[in-house]
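These notes concern the structure reproduced below.
The values are calculated or read from the model by the stated rules, or taken from the named source; none is laboratory data. From a predicted model like this one, the values you see are computed outputs, not experimental measurements. Please note: Cβ atoms are built from the backbone with ideal geometry, for glycine as well, and neighbour counts cover all protein chains shown. Just so you know, the surface numbers come from the protein's heavy atoms only, side chains and all, with ligands and any DNA or RNA stripped out. Shrake-Rupley method; radii C 1.70, N 1.55, O 1.52, S 1.80 Å.
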Amino acid sequence: MKLSHILVVEDEISIQTIVRTYLESSGYGVTVVDNGPEALTQVQLLQPDLVILDLNLPGMDGMEVAARLRETSGVYILMLSARGEEADRVAGLRIGADDYLTKPFSPRELVARVEAVLRRRRETAVSPATILTFQHLSIDPDSHEAMAAGQPLELTATEFQVLLELAKNVGRVLTRDQLLSLVWGSDYYGNDRVVDVYVGQVRRKLQDATGQLLIETVRGIGYKFVDQRK
Ligand code: CA
């Protein structure tokens, strides 16, 4: 299997060093940059599998870097922050980060999170290539493309996973815990608020594209995808 390449965007040298050391000894290719503009350039050049992005950078901050990355790339983003506030976490996830780790963190935990995020991609890659087709939506698990009302739907990697799992279970309610385990992995120990944030984003994008409410909230339980199969 191809070596996964990770771009680390961090201005603190001590953290650069420890992150590089742990990731390299876990078998990843690692490139380190210390500012946002350089990160945007390197993502284009290197096409990394994952970006570890510090929130607090001089000049362009991590939120802006993530927002700009999301305009052109579906690359996985793991955010690092000294701030552990729920509001920051949710803001980071809303902007398209796939996971969020608060400093100080254990390097082993960082490696575990990286592995969990990359495992999601591999699990998708080996799933059967059946294109799911509905009245308003079609989803190709292999190419990671979704079409809504005949137009490509712009989704981040994690948003795509959320939509795919809901659509595979059309007409059935998935609980937050089920979605967490299907999309983020059973070893994810974050808050299930993350599920609400992502489902909300996917639902809004679907609604903008089709004018239909295709993901229903089942109060106190979870979410259900309701588009009719063709
Ligand atoms: Ca920093």
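Quick rundown of the values:
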{"quantity": "q = 0.14, 0.16 Å⁻¹, the chain: log10 I(q)/I(0) [Debye, one scatterer per Cα]", "calculated": "-0.88, -1.13"}
{"quantity": "Solvent exposure of the chain as accessible area per residue, Å², 1.4 Å probe", "calculated": "47 Å²"}
{"quantity": "Rounded tilt (10° steps) of 107-125 against the dominant C-alpha axis of the chain", "calculated": "40 degrees"}
{"quantity": "Between helix 62-72 and the chain: long-axis angle, C-alpha atoms, 0 to 90°, nearest 10", "calculated": "50 degrees"}
{"quantity": "Relative contact order (percent, whole number), the chain, Cα cutoff 8 Å, 6+ residue spacing", "calculated": "15 percent"}
{"quantity": "Non-local Lys pairs in the chain, i.e. 8 or more apart or on different chains, that have alpha carbons under 22 Å apart", "calculated": "5"}
{"quantity": "Antiparallel %, DSSP beta bridges [both residues in the chain], to 5", "calculated": "45 percent"}
{"quantity": "Stretch gain in nm, segment Thr72-Leu213, where the contour uses 0.36 nm per residue and the Cα spacing is subtracted", "calculated": "48.1 nm"}
{"quantity": "Degrees between helix 36-46 axis and first principal axis of the chain (Cα, 0 to 90, nearest 10)", "calculated": "70 degrees"}
{"quantity": "All Cα pairs of the range 5-123, percent lying beyond 16 Å", "calculated": "55 percent"}
{"quantity": "Separation of the Ser181 and Ala87 label points, Cα + 7 Å toward Cβ, nm", "calculated": "3.5 nm"}
{"quantity": "Accessible-area composition of the chain, carbon plus sulfur, in percent [1.4 Å probe]", "calculated": "49 percent"}
